[in-house]
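Before any comments, here is the structure.
All of the numbers you see were taken from the coordinates with simple rules; none came from a lab. Since this is a predicted model, take the numbers as computed values, not measurements. Here the Cβ positions follow ideal geometry from the backbone for every residue, glycine too, while neighbour counts run over all protein chains shown.
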Ligand code: SF4
């Protein structure tokens with residue numbers, strides 16, 4: 001470890017001022033402290049934001065609003081979330097160990113860094129950690145890496161299961177800074193690597209996520225999350241699928257699908273969604289449309305299996321969600 005400055009913000013304005021001055025925000029610390037210990041990240045100043053009033057979970061004016069300091073475990077257990085947004089509850093349940101779910105905040109979950117092993121190995125070349133140094137994963141161990149949204153500078157997957165669920169549900173991130181508040185559709189929060197993989201999101205320096213808002217919709221109520229991984233717990237996704245579906249009169253009225261473990265950002269599947277519109281929710285239909293789930297995929301030496309696995313993950317979760325009562 002190295003020396004750094006630590007302070008505790010008493011209120012929102014002092015936190016935002018510290019953020020504007022270059023301090024990094026810390027809440028649960030479940031990602032950042034690990035990275036600091038390994039010297040992958042070396043912030044000079046941390047401001048602890050745990051006293052800020054960002055912990056509520058409630059429905060207001062047609063939106064579920066979740067404060068960014070709500071802990072994963074509290075969101076999982078909340079009756080409103082379980083009943084009206086099961087995909088959120090399920091994605092969080094499948095995300096981490098019980099100890100981590102008790103500590104980790106929703107805002108921190110959305111901004112967690114990739115699990116690419118070279119990113120966490122300070123002796124390896126990694127454009128995300130040291131821009132311009134190269135990408136060890138391109139010719140190295142890349143079985144778990146991305147097949148969608150990749151560039152020749154980075155093929156790391158985005159690690160958050162929750163982000164996949166929120167992209168499917170068209171959530172909005174509420175961000176605050178010393179200059180005010182802005183609302184960012186979560187589909188516009190994350191950046192694909194292109195030639196700047198060190199830039200992972202579109203928050204401005206010092207901007208702080210205060211809350212996430214999710215519209216209340218019929219399809220959110222019929223929703224779920226499937227995560228396929230090498231072992232049943234404490235493991236990141238090889239593939240995952242968040243599906244929300246509205247069925248009426250024996251046909252699909254609306255479907256929202258996002259997938260994880262395959263993209264450099266949480267990946268929405270609009271072509272699959274459009275192909276389902278007005279069709280009956282049958283296994284044959286789901287098999288047919290899932291065949292286009294991996295369109296545009298570009299695999300590396302070890303992860304070509306993800307293309308077929310992604311199609312099967314989407315097909316299986318479409319069937320699961322359609323069968324929900
Ligand atoms: Fe770094 Fe991205 Fe390459 Fe991993 S895939 S080594 S995070 S540049």
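Could you work out how far apart the two model spin labels at residue 17 and residue 179 are, taking each label as a point 7 Å from the Cα in the direction of the beta carbon, and quote it in nm?
According to this spin-label approximation, the distance is 1.9 nm.
What is the distance in Å between the Cα centres of segment 144-165 and segment 85-118?
15 Å
Could you state the principal axis extents of the C-alpha atoms in segment 116-210, from the largest down, to the nearest angstrom?
Principal-axis extents of segment 116-210 (Cα, largest first): 43, 28, 20 Å.
Ignoring everything except DSSP H segments at least 4 long, calculate the 222 nm mean residue ellipticity for the chain; use -39,500 (n - 2.57) per segment, divide by total residues, nearest 500.
Calculated from helices alone, the mean residue ellipticity at 222 nm is -7500 deg cm²/dmol.
Can you compute log10 of I(q)/I(0) for segment 125-283 with the Debye formula, treating each Cα as one identical point scatterer, at q = 0.12 Å⁻¹?
-0.61
Which semi-axes, in whole Å and largest first, does the equivalent ellipsoid of segment 1-150 have when worked out from the alpha carbon gyration tensor as the square roots of 5 times its eigenvalues? Don't jump to the answer; show the numbers that get you there.
Values: eigenvalues 174, 107, 33 Å².
Over the Cα atoms of segment 1-150, the ellipsoid semi-axes are 30, 23, 13 Å.
Out of all DSSP beta bridges with both ends in the chain, state the antiparallel percent to the nearest 5.
85 percent
For the chain, what is Rg from Cα atoms divided by 2.2 N^0.38 Å, rounded to two decimals?
Numbers: Rg = 19.5 Å, N = 325, 2.2 N^0.38 = 19.8 Å.
Cα-based Rg divided by the globular estimate yields 0.98.
Extending each Cα 7 Å along its Cβ direction at residue 51 and residue 301, get the distance between those two points in nm, one decimal.
Here the answer is 5.3 nm between the modelled labels.
At what distance in nm do the modelled label points of residue 80 and residue 38 sit from each other, each positioned 7 Å from its Cα along Cα→Cβ?
Between residue 80 and residue 38, the simple spin-label model gives 3.6 nm.
Using only the Cα atoms of segment 234-325, build the gyration tensor, take square roots of its eigenvalues as a ≥ b ≥ c, and label the shape rounded, prolate or oblate: rounded if a/c is under 1.5, else prolate if a/b is larger than b/c, else oblate.
Taking the square roots of the gyration eigenvalues as a ≥ b ≥ c, segment 234-325 is prolate.
Could you tell me the center-to-center distance, by alpha carbons, between segment 225-254 and segment 28-59 in angstrom?
So the separation of the two Cα centres works out to 29 Å.
Would you mind computing the Rg to Rh ratio of segment 183-252 from its alpha-carbon coordinates, Kirkwood style for Rh?
Ratio value, two decimals: 1.07.
For the chain, find the longest principal axis of its Cα atoms and tell me its angle to the long axis of helix 305-322, 0 to 90°, nearest 10.
The two axes meet at around 70 degrees.
Once segment 229-283 is represented by equal point scatterers at the alpha-carbon sites, with solvent omitted, what log10 I(q)/I(0) does the Debye formula produce at q = 0.18, 0.23, 0.24, 0.30 Å⁻¹?
-0.67, -0.86, -0.89, -1.12
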